[in-house]
Amino acid sequence: MKILIISLQRLPAFGGVNSYVFDLSKQLKKQGHEVELLCGEDINSLPTKQMNKVNFFMNALYKKIPDIPKVLLNYEVGVFAFKELFQNVNMDEYDIVHSQDGIVSKAFKTVYPNIPLIGTIHGCFYSELTGLGFKGDVRTEKMFKRYDQWSVSYPDFIITPSAYKDNYMPYIPEYKHIVINHGIDVNTFGSKETTRKINTLKVCTAGSLHNYKGLDILLKALRYLENDGLDYVVDIYGDGPERERLESFSKNNHLMVNFKGSIGREELWGIYSTYDVFVQPSRVESFGLSVTEAMANMCVPICSAIGGLQDQVKDMENGLLFESENSYELYTKIKLIAYDEKLASRLSLNARKAVETKFSIESMCEKTLNAYKNTIASTS
């Protein structure tokens with residue numbers, strides 16, 4: 001089978017879409033399939049005539065809406081640019097096209113309405129982008145919701161990485177929907193001693209430093225730990241617009257937190273095994289790949305009880321969940337792992353088992369291939 005994966009995002013990049021695309025591509029190629037990628041970076045390869053059309057469209061849009069947020073400008077231009085890009089692609093070469101967002105889904109189906117298109121919905125535009133500070137702007141919110149509608153309406157078949165249904169997402173008909181968890185190659189992750197006495201509790205988290213990731217909730221929880229006199233250290237891997245504010249809060253409250261910046265995903269794999277706990281305090285999260293990777297390295301996951309995190313973590317079985325925004329409850333969960341060695345060891349072992357049984361790359365690839373075949377058959 002020959003597959004074309006399309007994404008508005010410029011890949012490679014940091015984040016879950018990048019990991020999903022390259023993990024899936026690698027496994028598909030391993031099984032003998034051909035996979036090619038067309039992403040935002042390829043817009044730069046447009047012929048001069050078409051690039052001039054893209055620039056003209058962008059300037060006209062900016063003139064019409066001079067106060068348009070940059071992110072929306074990029075999305076609107078992205079639709080137009082990908083329509084131009086797809087006109088240069090010989091689609092007879094491919095058996096199926098796999099989209100990673102509603103923007104390129106719309107662009108593709110506008111140019112090739114009869115070619116099979118499957119789309120993976122990695123998250124809700126409206127939920128995630130309002131977390132970046134756009135809530136309350138009626139025009140902007142309307143545009144975000146339109147991108148979510150495109151994610152559902154244009155693909156012939158839809159994959160979501162978890163069974164979680166965001167209240168802001170349009171309804172996805174059951175006949176065109178399947179849940180396929182993002183899998184990982186479990187064999188690339190080692191094990192560690194599960195029965196140990198915790199002296200200094202070592203906690204980590206990883207991801208982009210945006211408001212919707214909820215790292216301020218974690219820092220507020222640590223203030224309670226300070227009053228307990230618990231010996232702990234927290235390392236935060238990642239970067240983003242919230243870093244300065246988070247660092248300032250941490251310093252002002254004398255918290256034992258290190259901001260490590262962004263490092264490579266594979267480097268993180270080797271680091272997770274040195275920690276006891278991985279915290280994911282997100283306000284919005286369709287699926288936390290870094291949570292799965294930490295679990296594979298036998299970190300105890302402590303996550304907010306939202307979105308796809310509830311698919312990954314079962315409270316008191318393979319990790320702990322806390323009510324979103326509730327920093328005091330997060331504190332109690334961290335404290336529980338610090339002082340209950342038997343519980344910590346049991347959850348650590350069960351976290352690894354959960355990844356082995358439910359979140360393998362082999363299972364992800366097999367289910368995705370079946371989805372491809374069903375999409376092709378239903379549109380032929």
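The values are calculated or read from the model by the stated rules, or taken from the named source; none is laboratory data. No experiment lies behind these values; they were computed from the predicted model shown. Note: ideal-geometry Cβ built from the backbone for every residue, glycine included; neighbour counts use all protein chains shown. Ligands, DNA and RNA are stripped out before the accessible areas are found, and what is left, the full protein with its side chains, is counted by its heavy atoms. Shrake-Rupley method; radii C 1.70, N 1.55, O 1.52, S 1.80 Å.
Structure values in brief
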item: Checking M295 against (1) within 19 Å of S327 (Cβ to Cβ); (2) in contact with a helix residue (DSSP H, G or I) (Cβ under 6 Å, 6 or more places away or on another chain); (3) not basic (K, R), the condition it does not meet; result: (1)
item: Any hit, segment 227-242, residues being modelled with pLDDT under 95, in contact with a Lys or Arg (Cβ under 9 Å, 6 or more places away or on another chain) and among the hydrophobic types (A, V, I, L, M, F, W, C); result: yes
item: Residue count, segment 299-337 (criterion: closer than 21 Å to D231 by Cβ and open to solvent by 10 Å² or more (accessible area, probe 1.4 Å)); result: 7
item: Every residue from segment 197-219 that is charged (D, E, K, R) and either at pLDDT 90 or above or out of contact with any helix residue (DSSP H, G or I) (no Cβ under 7 Å at 6 or more places or on another chain) (or both); result: K202, K213, D216
item: Yes/no for V89 being closer than 21 Å to G15 by Cβ, in contact (Cβ under 8 Å) with a residue 12 or more places away in the chain and surrounded by fewer than 21 Cβ atoms within 10 Å (Cβ to Cβ); result: no
item: Odd one out for F189, checked against (1) within 30 Å of T274 (Cα to Cα); (2) aromatic (F, W, Y); (3) surrounded by 17 or more Cβ atoms within 10 Å (Cβ to Cβ); (4) at pLDDT 90 or above; result: (4)
item: Check on L289, crowded, with 17+ Cβ neighbours inside 10 Å, among the aliphatic types (A, V, I, L, M) and at pLDDT below 95; result: yes
item: Number of the exception - A221 against (1) of a type in the set (A, V, I, L, M); (2) in contact with a Phe, Trp or Tyr (Cβ under 6 Å, 6 or more places away or on another chain); (3) not in a helix (DSSP H, G or I); result: (3)
item: Neighbours by Cβ (under 6 Å, 6+ apart or cross-chain): first from segment 210-223, farther than 13 Å from S324 by Cβ; second of a type in the set (A, V, I, L, M) and not in a helix (DSSP H, G or I); result: L222/L255
item: Strands (runs of 3 or more DSSP E) contained entirely in segment 271-353, each with at least 2 residues that are closer than 25 Å to V21 by Cβ; result: 277-280, 300-304
